[in-house]
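Notes for the one structure printed next.
The values are calculated or read from the model by the stated rules, or taken from the named source; none is laboratory data. Only a predicted model underlies this, so the values are computations on that prediction, with no experimental measurement involved. For neighbour counting, all protein chains shown are included, and Cβ atoms are generated from backbone atoms with ideal geometry for every residue, glycine included. We work out accessible area using only protein heavy atoms, side chains counted, and drop any ligands, DNA or RNA first. Shrake-Rupley method; radii C 1.70, N 1.55, O 1.52, S 1.80 Å.
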Amino acid sequence: MSDLPSHALRLNLIVLAVAGLAGCSSFDSATTKVAAIVSPYRVDIVQGNVVTREQLALVKPGMQRAQVRDILGTALLVSVFHADRWDYVFTLKQQGQVSQARKVTVFFKAGAVDHVEADELPSEAEFVATLKSPVTAGNAPALEASEEALKKFPPPSKPAPAPAPALTTTDYPPLEAARP
């Protein structure tokens, strides 16, 4: 008789452990299904200098460093060991899309542009089009009112003139005591 409760207790613990393990596996599949339906919002990450085709077309051999900086901005990588080389690196990470990475390298000789090496760059319009977030369809109200809609509202009243500020004459004590 005394052996029965410990045997039942062991059996209950084994059943409870098996049920727990089975629950874990079904919980994992449930979270995977929910994650496929609902995903958190991830902010677009833009790092580095955006260099477009139009900007790069303005950089010509013989230009001074200051002129290049005015057109392309400050270089992201300027090395002490490679003083005659400026690297412009740009990365864009957007949710649900492949990350973009572009690199432009400007080489200088005697303080002037010698040559430029660059990845394929987008035009300004193409780059801006990649930044637009998808617009959800909705019932947006019209932003313009017709003449008939404006007639429903009373004409604007003229604001009351502001009261004139009261003239105050305050007599302040002298800042320093009078000297004899």
| remark: Using a 1.4 Å probe on heavy atoms of the protein chains only, the accessible area for residue 90 in Å², nearest 10, reads 10
| said: Please list 3J(HN,Hα) in residue order for the range 95-105, calculated via the Karplus relation 6.51 cos²θ - 1.76 cosθ + 1.60 where θ = phi - 60°; whole Hz, with x for glycine and proline. | reply: 5, x, 10, 6, 5, 10, 9, 9, 9, 10, 10
| note | With N residues in the range 46-116, Rg(alpha-carbon) / (2.2 N^0.38 Å) equals 1.17
| query | Measuring from label point to label point, each 7 Å out along Cα→Cβ, what is the residue 147 to residue 118 span in nm? | reply | 5.2
| Can you list the aspartates and glutamates whose alpha carbon sits under 19 Å from that of residue 152, skipping same-chain ones fewer than 8 residues off? | 144
| query | For residue 95, what charge total do you get from the other residues with a beta carbon under 11 Å from its beta carbon, if Lys and Arg give +1 and Asp and Glu give -1? | reply | +1
